[in-house]
Amino acid sequence: MAGGAFAPTSGGKEYPGKFTFRVFFTCLFAATGGLIFGYDLGISGGVTSMDVFLKDFFPDVYQKESSVKPSDDQYCKFDSQILTLFTSSLYLAALVSSIGASMATRTYGRRPTMMTSGLLFAAGAIVNGLAKNVVMLIVGRLLLGFGIGCANQSVPIYLSEVAPYKYRGALNMMFQLFITIGILIANSLNYAFARLIGGDMAWRLSLGGAIVPGLIILLGSCFLPDTPNSEIERGNYERAKDLLLKLRDVDNVDEEFNDLVEASEKAKLVKHAWLNIFKRKYRPQLVFAFCIPMFQQLTGMNVIVFYAPVLFKTIGFGSNASLLSSLITGFVNMVATFVSIFTVDKLGRRKLFLMGGTQMLICQAVITIAIAMKFGVSGNPGVISGTYAGAVVAFICVYVAGFAWSWGPLGWLVPSEIFPLEVRSAAQSINVSVNMIFTFVIAQIFTTMLCHLKFGLFICFAVCVVIMSIFIYKLLPETKGVPIEEMTIVWRNHPHWSKYFDEDDAKFETSKPKDIASA
């Protein structure tokens with residue numbers, strides 16, 4: 001059977017480099033870019049479950065939701081395209097900005113793009129916190145989206161380029177860790193503000209509080225260096241080598257530096273990355289830049305993240321109880337991410353993908369059965385006991401944990417590490433754009449799908465998990481322990497993808513950089 005299981009786990013060069021405090025804190029500050037994405041993922045679902053917010057901006061939804069009796073169809077009480085547009089409009093903006101950020105990261109560097117992301121996100125937080133009408137809400141969401149698109153485009157690339165190759169997986173996954181921290185903080189604030197403050201100030205503080213993670217990435221980026229790859233790409237060879245020496249904490253980085261310069265010189269031959277990325281030799285990586293973010297969203301995880309309070313209210317929890325339940329799942333999400341951080345460079349990407357997929361599939365099956373038995377197709381649950389509801393939450397938590405240590409972080413890690421420098425920024429934009437497209441679609445249609453498909457919605461997500469697990473097993477080569485500039489080797493040696501490469505595709509076409517490095 002031809003499959004990724006038979007692809008080598010290494011094959012690249014072994015560059016010297018240590019795991020130092022400088023590397024750790026550089027990656028830590030950069031990874032805080034995940035806070036803005038996570039905060040928004042968590043905050044929007046909680047705010048849309050607050051009665052006072054619905055009264056102010058979506059009175060039709062509030063009237064519909066408040067008039068639903070336990071004997072009515074619970075599946076449809078939040079079905080509103082205008083309400084879901086509040087959540088999903090952000091992801092269209094992120095899609096657009098990620099394309100612009102691709103050109104910015106290549107021309108001006110990774111760090112300026114990260115700073116821009118914080119500035120835009122903070123501006124969106126101010127507009128949302130002061131919103132007087134739906135138009136202001138949407139404008140604020142668009143600004144937030146522009147910031148998220150810039151961060152999601154630049155931060156994963158930054159982390160993959162700064163980290164020593166042996167620790168690239170763990171350090172890159174700190175981006176996902178901060179996404180989960182952002183979700184947990186948002187869930188905590190939603191619960192605290194709704195319970196302790198209430199009224200208009202509850203949702204205003206929740207939405208306006210987004211200015212804090214925006215300022216964190218903005219100010220944090222000011223103290224970060226750019227990556228050696230980016231400095232070389234812009235002709236700053238001496239600065240790049242000095243930075244590489246500091247990051248690796250060794251006396252000699254000539255081999256890695258020479259290869260980075262060679263990669264940069266080759267990249268300069270590619271004038272139009274967006275056209276070249278569709279060439280045959282990039283086809284294997286391009287498939288994963290599209291399919292991994294697509295499948296990441298089709299797991300159904302963002303349904304839980306976006307609409308956890310709404311979903312929990314649908315299955316019988318009160319308003320504050322639903323916020324508490326989403327807080328619990330947010331905590332599980334954060335803790336489980338540490339599993340991937342400590343295991344990804346030991347077990348590898350493929351094993352985590354497949355193990356996490358199996359865990360999610362089992363939980364989805366159980367959740368589907370539990371909801372089907374209680375709600376049926378009528379949506380009338382009758383009386384829901386605390387034990388029954390608690391069991392559903394428990395399995396949702398196990399499902400969230402499976403995503404948090406597999407498809408969640410790996411969905412950002414793998415696409416950011418598999419492309420050569422000449423098309424890396426464009427490829428990351430494709431990754432972010434596909435992620436945002438499917439995030440938008442899921443956010444926009446979830447409540448309608450829940451209304452019409454009922455518990456069958458979770459069956460759809462389970463089928464997707466099966467398909468994506470087979471896809472990973474058959475086609476993804478293992479990339480752990482491979483230097484980022486040597487990544488082409490694992491694709492050339494893969495039984496399926498090797499046919500896309502000509503003999504010259506793995507060779508650099510210039511010897512000029514070696515003269516620069518030794519000068």
Highest average packing first - 45-57, 160-172, Cβ atoms within 10 Å: 160-172, 45-57
Proportion of all alpha-carbon pairs of region 175-215 beyond 14 Å (%): 48 percent
Distance from region 389-457 to region 152-228 (C-alpha centre basis), Å: 17 Å
Burial order of peptide ranges 16-27, 363-374, 470-481, 289-300 (average beta-carbon count within 10 Å, highest first): 289-300, 470-481, 363-374, 16-27
Sulfur and carbon atoms: percent of accessible area, region 93-166 [1.4 Å]: 78 percent
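Given +1 on the Cβ of Lys and Arg, -1 on the Cβ of Asp and Glu, and no further charges, what dipole in debye does region 346-503 carry about its Cα centre, rounded to the nearest 20?
On the way: 11 positive and 7 negative charges, 105 e Å.
About 500 debye.
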In sequence order, calculated HN-Hα J values of region 480-493 (Karplus, 6.51, -1.76, 1.60; Hz; x Gly/Pro): 5, x, 10, x, 4, 7, 10, 5, 4, 4, 5, 7, 5, 8
Net charge, residue 473 excluded, C-beta distance under 15 Å - Lys, Arg +1, Asp, Glu -1: +3
Of 266/499; 266/351; 241/279; 18/241; 241/499; 279/346, pairs whose Cα-Cα distance is over 25 Å: 266/351; 241/279; 241/499; 279/346
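The values are calculated or read from the model by the stated rules, or taken from the named source; none is laboratory data. What you are looking at is a predicted structure, and each value in this text was computed from that prediction instead of being measured. Positions of Cβ are generated from backbone atoms using ideal geometry, with glycine treated the same way; all protein chains shown enter the neighbour counts. Each accessible area value is taken on the protein alone, full model and side chains, heavy atoms only, with ligands, DNA and RNA left out. Shrake-Rupley method; radii C 1.70, N 1.55, O 1.52, S 1.80 Å.
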